[in-house]
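Below is one structure, written out as structure tokens; comments come after it.
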Amino acid sequence: ADTGAMSASSEPSSLESCQASCRDFFNRPLGGFAAMGIYLGLLQVFTSVESLIQNKDLAGCQFPDGLASKVGMMNWLWVQTGLGLADMLFPLYIHLMLYRHLIEEAKIADDPDKGPSNRTLQARTEDGPIRVSRHDIFEAFKTTFVKDPIVYFYGLILVVSLAWAILGWIWIVQGGSECNPDRIWPVAGAWIEIFFVCFIVVYGAVWLYTLAYSTENEVLTLRSGGDEKEMGWHEPPPEPVPVQEGNENTGLMGWFTGQGPSNNNQVALHQEPPKPKPKPKSKIRQMIKLMVSFGLDMLGNITYFIPTVGEAGDAVFAPASAVMLKMLYNSNGIAAIGCTEEILPFTDLTPTATIAWFMENVMGNNC
């Protein structure tokens, strides 16, 4: 009975399993991209559908003459709704396809001549950790973005959606308050789409930065089981030292020659190499990270300078800021602080990302 109780208590609860799955999701490549796509796409669909339902408030809306008047507010909202649905579905599809290709790459040795490593063998098990190298990520990205026509199709949709959102924003502003009543605010769908495209550009740049400055020995864990040590880029556990049973110099002769077997009659074929000293941080990498952090703080303030946005824009920018901070500093605490700072009123001037950079590079590893 005691053994059964101990085994039951050692099994993770449903809450712990859910937390581990969430950590792994955001730790995977393009996990934040998929989450932001679902969130911002849902906001676009909500604002557009709400405006369509309350179409009586838009009865007096007149777009400028020309293409705008031929399209009209209702047709613009219907197309915007479809583009919002695309933003919800396609990023998740890309993330899942990339995840599938990453798992396939993790099960294949990076160098076929050397055979599978311990990391590769663990990836082939049903419940073991799945860690991918830089080589695996490059190969999976090529397979996903070069060989999948659906990804090209979504790229075309993004270009069309950006142009459609910019046109809609211009037309609504030219139409005056009758095209953007305070109660339903249809212009929100336009700037949410514009923000999402900008987020994709910045997110991709940050991802390329983290990938370019990761070392050949570092890995990224896709399935960690909730172990926080597996989050972000990190060194994999050392390979097990191979041993052989017995030795030709066993017995009394072995003791005289000093080459007798060790305890349990096992002899290590080689000693574990000493751990290399950590390399000093690149000054170029530090400066790039500082500029990205400073730019992220400035983006948090830009909502005040966009007409009709203000504090409401922070509800869109706050989760994006958290995703970026998590990527840059691999810290849930800093990501949570950045998200809270963006949501709370009158706190946008706090340079959370820049402060995190100083904590990491000037004050030591305190974050």
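For the reader, a short list of remarks on this structure follows.
- For the pair LYS56 and MET363, the difference between a 0.36 nm per residue extended length and the Cα-Cα distance amounts to 104.7 nm.
- Of LYS114/LYS142; LYS142/LYS283; LYS142/LYS326; LYS114/LYS326; LYS283/LYS326, those spanning more than 28 Å from alpha-carbon to alpha-carbon: LYS142/LYS283; LYS114/LYS326
- Heavy atoms of SER293 accessible to a 1.4 Å probe, total area in Å² rounded to 10: 0
- Dipole of region 118-222 computed with +1 at Lys/Arg Cβ and -1 at Asp/Glu Cβ about the Cα centre; of ASN217, ILE157, CYS198, farthest Cα towards the positive end is ASN217.
- Phi angles across region 103-116 convert, under the Karplus curve 6.51 cos²θ - 1.76 cosθ + 1.60 with θ = phi - 60°, into 3J(HN,Hα) values of 5, 4, 5, 5, 7, 10, 5, 4, 10, x, 5, 8, x, x Hz, Gly and Pro given as x.
- Gyration tensor verdict on region 2-141 (Cα atoms; rounded if a/c is under 1.5, prolate if a/b is larger than b/c, oblate otherwise): oblate
- FRET efficiency estimate (nearest 0.05) - Cβ-Cβ, LEU89 to ARG124, R0 25 angstrom: 0.20
- Within the shell of other residues whose beta carbon sits under 14 angstrom from the beta carbon of LEU158, the net charge comes to -2, with Lys and Arg scored +1 and Asp and Glu -1.
- Where labels lie 7 Å past Cα in the beta-carbon direction, separation of TYR209 and ILE170 in nm: 3.2
- Put a dot 7 Å past the Cα of THR354, heading toward its Cβ, do the same for MET74, and the two dots end up 5.0 nm apart.
- Loop-resident sites, region 81-189, for trypsin sites (Lys or Arg not before Pro), counting at most 13 other Cβ within 10 Å (DSSP): LYS114, ARG124, ARG183
- Estimated distance in nm for a label pair at SER21 and ASP113, the labels positioned 7 Å out from Cα along Cα-to-Cβ: 4.3
- Most to least packed among 164-174, 58-68 [average Cβ atoms within 10 Å]: 164-174, 58-68
- Residues whose amide H lies under 5 Å from that of ARG223, counting only those 5 or more places away or on a different chain, are ILE130; hydrogens are built 1.01 Å from N in the peptide plane.
- Other residues within the sphere of radius under 14 Å centred on the Cβ of MET73, judged by their own Cβ, net out at -1 (K and R +1, D and E -1).
The values are calculated or read from the model by the stated rules, or taken from the named source; none is laboratory data. Please read these numbers as outputs of a predicted model, since none were measured by experiment. Note that each Cβ is placed from the backbone with ideal geometry, even for glycine, and that neighbours are counted across all protein chains shown. Just the protein is used for accessible areas: all its heavy atoms, side chains included, with ligands, DNA and RNA removed. Shrake-Rupley method; radii C 1.70, N 1.55, O 1.52, S 1.80 Å.
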